[in-house]
């Protein structure tokens with residue numbers, strides 16, 4: 001048997017409880033007789049047996065490493081009918097495991113997450129049980145259902161256990177239910193995220209460009225933490241990217257992480273980023289606002305900022321492309337500008353207000369001039385033409401008429417006419433609107 005198989009076998013080994021009830025019943029009778037008290041002040045033999053018979057299945061599902069002296073004391077208490085003492089022992093085991101979950105999360109990280117000035121080991125140990133449950137819920141170490149049932153256990157322990165003068169007594173059914181809830185919601189809970197040390201993250205961001213391994217490690221840590229902390233981390237990374245004083249390596253590192261995790265942004269995280277962008281605009285921080293728009297563009301979320309922002313980004317990209325196209329050495333300089341426009345139009349629907357400028361830029365550059373085209377940029381132009389909407393296709397054919405640049409080049413240069421025909425070949429006949437069907441047929445022949 002392999003070592004992994006052996007460990008699995010140990011983990012699922014069934015707990016078998018010894019037959020001790022006969023001797024414990026005799027002991028109970030002798031003790032109550034010695035004190036001159038009736039036997040029925042404690043649970044009956046049948047009640048004890050019922051609880052005892054349920055313990056093996058519950059204890060088997062608790063990981064062996066969590067079966068400590070507290071659970072032994074619980075079992076001893078149950079064998080004597082001391083259910084009130086038993087729930088105290090199992091509750092203490094649950095509390096200790098919750099504290100360990102907090103330690104695994106990272107005590108030093110908690111002040112960053114909860115905006116506390118101080119939190120250390122002594123603070124953790126001094127927390128009241130209710131405060132510990134609240135903390136575990138905030139850190140996502142337990143879920144809402146875990147909190148609900150554990151909080152009920154806390155109230156039961158406070159009112160019916162041997163830890164305090166009891167308001168009443170619990171029977172074997174309530175005891176088993178109590179143990180099961182502690183087991184399920186604390187002792188075998190799989191929720192155990194580890195917090196991200198934001199200070200270390202910031203230091204790493206600014207220390208130099210991430211290696212692949214370094215990037216992957218921070219991505220893993222951020223992915224494995226909980227939503228509330230991610231909702232703090234992403235706006236922080238956005239802020240670093242938009243900070244004019246931040247080094248280029250830090251900005252690129254921040255952007256890389258957000259690009260990789262953008263699809264997992266929660267609605268709250270997206271809202272926080274939009275709010276931060278709007279704050280830059282409201283405060284007149286033009287450099288930050290401009291960088292923020294580029295950030296949203298890079299991670300594919302420009303559309304979240306509204307149609308006006310998308311319009312501005314696309315028309316500016318078109319203007320830059322046309323400037324390069326009309327400039328010196330355009331065949332070598334066009335590709336990156338064409339790729340950026342293609343990426344923008346792929347990730348965002350081109351607003352109606354920007355369609356004319358967009359189509360004119362793509363077609364003007366796509367047909368080239370009397371000297372030819374930028375061959376390296378042509379894949380981007382073809383990609384954009386293939387994605388033209390019916391309205392954009394209509395604009396494309398309208399450009400062939402009149403006195404504009406496209407019409408003039410088509411009239412004057414055979415190379416341009418040949419390229420225009422090839423671009424028309426990228427269109428789907430099903431998308432061509434009726435108004436320009438004749439033009440489509442003319443240029444397709």
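This table checks each residue for (1) free of Cβ contacts under 8 Å to residues at least 24 places away in the same chain; (2) within 30 Å of residue 198 (Cα to Cα); (3) out of contact with any helix residue (DSSP H, G or I) (no Cβ under 9 Å at 6 or more places or on another chain).
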{"position": "114", "(1), (2), (3)": "no, yes, no"}
{"position": "120", "(1), (2), (3)": "yes, yes, no"}
{"position": "131", "(1), (2), (3)": "yes, yes, yes"}
{"position": "138", "(1), (2), (3)": "no, yes, no"}
{"position": "156", "(1), (2), (3)": "no, no, no"}
{"position": "163", "(1), (2), (3)": "no, no, no"}
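Scanning region 242-263 for residues that are within 19 Å of residue 284 (Cβ to Cβ) and in contact (Cβ under 8 Å) with a residue 40 or more places away in the chain yields 242, 243, 244. Please determine whether any residue of region 134-153 is in a loop (DSSP other than H, G, I, E, B), farther than 30 Å from residue 236 by Cα and modelled with pLDDT under 90. Within region 134-153, none of the residues are in a loop (DSSP other than H, G, I, E, B), farther than 30 Å from residue 236 by Cα and modelled with pLDDT under 90.
Here the condition is being loosely packed, with under 14 Cβ neighbours inside 10 Å, under 22 Å from residue 144 (Cβ atoms) and without any contact (Cβ under 8 Å) to a residue 60 or more places away in the chain; of 231, 224, 217, it holds for 224 alone. For region 294-310, taking the residues that are out of contact with any helix residue (DSSP H, G or I) (no Cβ under 8 Å at 6 or more places or on another chain) and in a helix (DSSP H, G or I), the one that is modelled with the lowest pLDDT is identified as 308. It is to be established whether one or more residues within region 205-220 are over 21 Å from the mean Cα position of the chain (by Cα) and under 27 Å from residue 68 (Cβ atoms). No, the conditions are met nowhere in region 205-220. From the list 313, 262, 245, 291, which residue is closer than 30 Å to residue 110 by Cα and either in contact with a strand residue (DSSP E or B) (Cβ under 9 Å, 6 or more places away or on another chain) or assigned to a helix (DSSP H, G or I) (or both)? Within the list 313, 262, 245, 291, the selection yields 262. From the list 271, 293, the lone residue that is in the same structural domain as residue 208 (by TED's automatic domain parsing), without any contact (Cβ under 8 Å) to a residue 24 or more places away in the chain and surrounded by 19 or more Cβ atoms within 10 Å (Cβ to Cβ) is 293.
Filtering region 196-217 to residues that are modelled with pLDDT of 90 or more and assigned to a loop (DSSP other than H, G, I, E, B) leaves 208, 209, 210, 211. Going by the structure shown, is residue 62 part of a loop (DSSP other than H, G, I, E, B), under 21 Å from residue 185 (Cα atoms) and in the same structural domain as residue 161 (by TED's automatic domain parsing)? Against the criterion (part of a loop (DSSP other than H, G, I, E, B), under 21 Å from residue 185 (Cα atoms) and in the same structural domain as residue 161 (by TED's automatic domain parsing)), residue 62 qualifies. The requirement of being out of contact with any helix residue (DSSP H, G or I) (no Cβ under 8 Å at 6 or more places or on another chain) and not assigned by TED's automatic domain parsing to the domain that holds residue 40 is satisfied by residue 224. Being over 35 Å from the mean Cα position of the chain (by Cα), surrounded by 21 or more Cβ atoms within 10 Å (Cβ to Cβ) and assigned to a helix (DSSP H, G or I) is a property that holds for residue 361. Would you mind stating whether residue 97 is over 19 Å from residue 176 (Cα atoms), assigned to a helix (DSSP H, G or I) and modelled with pLDDT under 90? Judged against the criteria, residue 97 is not a match. If you go through region 17-41 and keep only what is part of a loop (DSSP other than H, G, I, E, B) and more than 21 Å from residue 71 (Cα to Cα), you end up with 35, 36, 37, 38.
The values are calculated or read from the model by the stated rules, or taken from the named source; none is laboratory data. Just so you know, these numbers come straight off a predicted model, no measurement behind them. Note that we place each Cβ from the backbone using ideal geometry, even for glycine, and neighbour counts take in every protein chain shown.
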